[in-house]
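So the structure is just underneath, and the comments pick up after that.
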Amino acid sequence: MLDSILFTPNLQKLCVPATDKLVPAITQLLSRSSCILTHLRLQTPDQHVPAISTLTALLQSSQLDNLVHLDLTLHPERLAIHSPLPVLTEPGVLPHLETLTIRATDVEAAWIRRIHAARKGVLRWLGVPHGTTLPKEPWTMKDLVVEVHAPLGMEENLIPVSKAPPYRPTPDR
């Protein structure tokens with residue numbers, strides 16, 4: 001009942017676990033609220049990971065068209081076979097995305113090149129997990145800063161969005 005009456009027209013930042021039940025509720029909340037969400041942090045826990053089609057549908061939804069910062073923690077074992085990352089290279093998906101952080105799952109150099117090509121001129125900063133092999137030709141991606149970060153520790157799970165990294169890179173990056 002609460003999920004049908006909750007209304008958040010001023011919501012701009014959201015940090016939630018991406019579970020089977022929460023992902024559809026997030027889409028409904030954003031639609032019902034008519035808010036302009038600019039920051040989203042989704043974390044797939046080791047249990048109750050939503051179907052890849054559910055997560056992909058959320059990322060493709062028009063409610064996220066104004067998103068400029070996306071932080072995804074993807075459980076590596078559950079998403080090893082199917083990943084929502086390919087949808088991020090599709091035209092029209094998250095058209096204003098400037099910063100993207102991918103945590104806890106494998107990111108390939110070829111995918112980094114694809115997302116750079118697909119989002120050239122818009123995506124400015126990409127955070128990838130420790131252990132990611134970066135493209136060998138970084139000079140071809142001058143307009144994209146790619147940083148490798150350490151994995152999140154268990155005590156850092158579900159970091160509130162107020163403590164999440166800023167959506168814009170600092171000038172010294």
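A few comments on the model shown:
- Calculated FRET value between N66 and K142, using beta carbons and R₀ = 25 Å, to 0.05: 0.40
- In this simple spin-label approximation, H96 and I36 carry label points 7 Å from Cα along the Cα→Cβ vector, and these lie 0.6 nm apart.
- With contacts taken as Cα pairs under 8 Å at a separation of at least 6 residues, region 2-150 carries a relative contact order of 18 percent.
- Peptide ranges 49-55, 98-104 listed from the most packed, as the mean C-beta count within 10 angstrom indicates: 98-104, 49-55
- Point-to-point label distance, Q28-F7, nm (Cα→Cβ direction, 7 Å offset): 1.7
- The alpha carbon radius of gyration of region 2-150, expressed as a multiple of 2.2 N^0.38 Å, is 1.04.
Every number here is computed from the coordinates shown, using simple stated rules; none is lab data. Worth saying up front: this structure is predicted, and the values here are computed from it rather than measured. Using ideal geometry, Cβ is built from the backbone for each residue, glycine included, and neighbour counts are taken over all protein chains shown.
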